[in-house]
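Step one of this worksheet: look at the structure below.
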């Protein structure tokens with residue numbers, strides 16, 4: 001596996017609206033820029049043969065960066081993943097690397113996690129921006145951990161490249177206070193039976 005560059009950064013949110021947050025939040029993202037290995041194939045080709053040799057090393061590398069930037073697995077509470085495919089590739093090329101146990105299972109084990117990994121993907125030119133969503137690593141339904149970290153690399157992906165990223169955070173959103181699905185009342189569509197849009201058509 002060849003890597004052109006790794007981008008890794010972390011920020012720490014200490015205040016919002018001029019006041020200290022109740023709990024500081026450290027969130028980070030690590031991204032690798034790699035050549036797209038499938039450009040010589042057509043849209044019906046089997047993508048699986050090379051997935052393990054790329055996805056597993058990427059998972060090991062990117063999680064190593066995040067445990068250094070955000071903290072050890074015991075400190076990491078939320079995670080996510082993403083891919084940006086260059087314009088000569090297919091969206092499926094990014095999916096092949098993200099949605100495989102050679103990537104996801106290794107991330108989960110490295111972070112002592114058990115839950116589904118939130119993801120985002122895109123296709124675009126260098127500088128394409130993407131927001132990497134995150135959720136709690138062991139309870140994806142905890143709304144306080146529905147958070148994200150931005151990703152944009154000025155010179156990537158080139159048309160023949162893929163950007164593969166992993167994100168992590170050491171806590172919930174700062175000052176989170178919107179409740180959870182366990183505390184919400186049940187809302188039904190029938191409550192809005194008189195709304196002018198209930199028919200599903202824009203007038």
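Please treat every number below as a calculation from the coordinates, not as lab data. The model shown is predicted, which means the values in this text are computed figures rather than measured ones. Cβ: placed from backbone, ideal geometry, glycine included. Neighbour counts: every protein chain shown.
Exposure proxy shown here: for 93, 99, 195, the number of other Cβ atoms within 10 Å sets the order, fewest to most, as 195, 99, 93. Remark: relative contact order (the chain) = 26 percent; criterion is Cα-Cα distance under 8 angstrom and separation of 6 or more residues. Computed extension gain for residue 178 through residue 42, at 0.36 nm per residue and net of the alpha carbon distance, reaches 44.3 nm. With each label modelled as a point 7 angstrom along the Cα→C-beta vector, the residue 154-residue 87 pair spans 2.0 nm. Of 77, 52, the sequence from fewest to most neighbouring Cβ atoms within 10 angstrom is 52, 77.
Listed by Cβ neighbour count within 10 Å, with the fewest neighbours leading, 25, 39, 189 appear as 189, 39, 25.
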